[in-house]
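Worksheet: one structure, shown below.
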């Protein structure tokens with residue numbers, strides 16, 4: 001996710017608890033979605049639930065991107 005911001009993301013994960021929370025939640029959702037789509041743990045989620053999770057993940061990604069742009073502009 002956002003390889004052009006890799007250094008900034010690494011720094012923010014240690015300096016900004018809100019950013020770290022968003023980043024970790026995004027990664028957790030990403031893994032859960034992959035597991036559900038691959039039927040890992042024999043969990044069969046309804047398509048609606050997976051779509052809800054994907055929308056939430058996208059919303060988190062948007063928030064992360066806005067933070068990155070804000071920090072890039074201020075540096």
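The values are calculated or read from the model by the stated rules, or taken from the named source; none is laboratory data. For clarity, every value in this text was computed on a predicted model and none was experimentally measured. Here the Cβ is made from the backbone with ideal geometry for all residues, glycine too, and neighbour counts use every protein chain on show.
Is it the case, given these coordinates, that residue 1 is touching a helix residue (DSSP H, G or I) at 6+ places or on another chain (Cβ under 9 Å) and outside any helix (DSSP H, G or I)?
Yes: the conditions hold for residue 1.
Examine the stretch 45-61 for a residue that is within 23 Å of residue 15 (Cβ to Cβ), at pLDDT 95 or above, in contact with a helix residue (DSSP H, G or I) (Cβ under 9 Å, 6 or more places away or on another chain) and part of a helix (DSSP H, G or I), and state whether such a residue exists.
Yes, some residue in the stretch 45-61 is within 23 Å of residue 15 (Cβ to Cβ), at pLDDT 95 or above, in contact with a helix residue (DSSP H, G or I) (Cβ under 9 Å, 6 or more places away or on another chain) and part of a helix (DSSP H, G or I).
Exactly one of these conditions fails for residue 72: (1) free of Cβ contacts under 8 Å to residues at least 24 places away in the same chain; (2) loosely packed, with under 14 Cβ neighbours inside 10 Å. Give me its number.
Of everything listed in (1) free of Cβ contacts under 8 Å to residues at least 24 places away in the same chain; (2) loosely packed, with under 14 Cβ neighbours inside 10 Å, residue 72 misses just condition (1).
If I filter the stretch 4-38 down to residues being in a helix (DSSP H, G or I) and modelled with pLDDT under 95, which single residue comes out as nearest to residue 55 (Cα to Cα)?
The extreme case among them is 33.
Might you let me know whether the stretch 33-55 holds any residue that is surrounded by 13 or more Cβ atoms within 10 Å (Cβ to Cβ) and closer than 30 Å to residue 75 by Cα?
Looking through the stretch 33-55, none of the residues is surrounded by 13 or more Cβ atoms within 10 Å (Cβ to Cβ) and closer than 30 Å to residue 75 by Cα.
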